[in-house]
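Below is one structure; the comments refer to it alone.
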Amino acid sequence: MSDVNRIPTHIEGLDENMQGGIPKKHICIVAGASGAMKSSLTFSLLYNSVLYGDTSGIYVTLEQGKESLKSHMSNMGMNVEDARVRNRIAIIDLADLRVQLDEQGMSDRVDWMGQLIKQLTSYRNSIGFEVLVFDSLGAFFTLTKMENPRDEIFRLFEAVRRLNLTAFFICEMTGDDHKQFGEYGVEDYLSDGVLHLVMEREGDDVKRKLGVVKMRHTNHMLGYKPFWWKEDEQRFSVL
């Protein structure tokens with residue numbers, strides 16, 4: 001496992017306890033409730049892997065608009081217009097396409113899974129990116145008829161594997177049982193890794209914690225550790 005090529009997360013305290021980072025070509029789930037900072041943490045993985053490495057990537061958003069996302073991340077110190085990353089990070093906004101098709105009454109007739117795989121393949125061939133962030137699976141599932149979720153999710157993940165991408169799929173979680181990391185309960189089984197972000201309330205205080213539930217080909221930390229954003233360094237830190 002020490003010979004596996006990895007992409008550092010640049011999360012202070014995590015890479016040191018995960019053999020240096022995420023194995024390349026892994027498909028990872030980033031799961032958590034609303035407000036757990038899933039998008040922020042995952043964007044930082046992409047941003048810092050580009051800023052401090054030789055990779056490139058795309059961030060596909062289905063709900064938050066491109067300009068809103070750029071503004072939010074810029075406020076955290078991650079400026080995608082920075083000359084060091086500008087040509088190596090692309091933000092793909094599928095929200096506009098979703099609205100247009102809804103207005104035309106065509107969304108129900110679109111093979112969204114097929115279209116998504118086609119688009120990712122096209123981006124891979126034209127841009128040549130290596131890291132994919134998909135925000136989010138839940139939003140995508142509202143578009144497509146998931147008659148057989150396990151087969152459909154396998155189809156998507158397998159297509160991403162064949163494109164030789166390192167991918168992070170954001171999953172929204174509801175409830176407090178922490179037993180299901182995706183909407184259909186199969187996403188974590190089909191993925192190579194699961195990062196779980198939780199919020200614990202103690203009175204009026206809220207603490208965010210991160211756990212590496214699963215990471216194939218990796219000796220990693222167990223349990224949940226507090227994490228926070230270090231604004232002066234533009235990166236997250238795990239206690």
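No lab work stands behind these numbers, since they all come straight from the coordinates. Predicted, not measured: the structure shown is a model, and the values here were computed from it. Cβ atoms come from the backbone with ideal geometry, glycine included; neighbour counts cover every protein chain shown.
Quick rundown of the values:
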quantity	calculated
For the chain: relative contact order, % (alpha-carbon pairs under 8 angstrom, 6 or more apart)	30
Residues Val80, Val4 arranged by fewest to most Cβ contacts within 10 Å	Val4, Val80
Computed over the range 1-52: relative contact order in percent, which uses C-alpha pairs under 8 Å that are six or more apart	38
Kirkwood-Stokes translational diffusion coefficient of the range 6-126, alpha-carbon pairs, 4 °C, 1.567 mPa s, µm²/s	80
Paramagnetic label zone (point 7 Å from Cα along Cα-to-C-beta, Trp228; backbone N under 16 Å) in the range 28-53	37
Which listed pairs, of Lys66/Lys209; Lys145/Lys209; Lys25/Lys214; Lys38/Lys70; Lys38/Lys214; Lys70/Lys230, have C-alpha distances above 22 Å, in listed order	Lys66/Lys209; Lys145/Lys209
Charged-residue dipole, Cβ positions (Lys, Arg, Asp, Glu), the chain about Cα centre, Debye nearest 20	700
Order of Ser49, Ser126 under a 10 Å beta carbon neighbour criterion, fewest first	Ser126, Ser49
Cα-only Debye scattering, the range 40-99: base-10 log of I(q)/I(0) at q = 0.23, 0.26, 0.27, 0.29 Å⁻¹	-0.92, -1.13, -1.19, -1.32
Gaussian network model of the chain, Cα within-10 Å springs - most flexible of Glu12, Glu202, Glu187	Glu202
Structure-derived Rg and Dmax of the Cα atoms in Å: which label, when the choices are (1) 20.1, 67; (2) 18.8, 59; (3) 17.2, 52	(3)
Selection of trypsin sites (Lys or Arg not before Pro), the range 2-105, meeting DSSP coil and at most 14 other Cβ within 10 Å	Arg84, Arg86
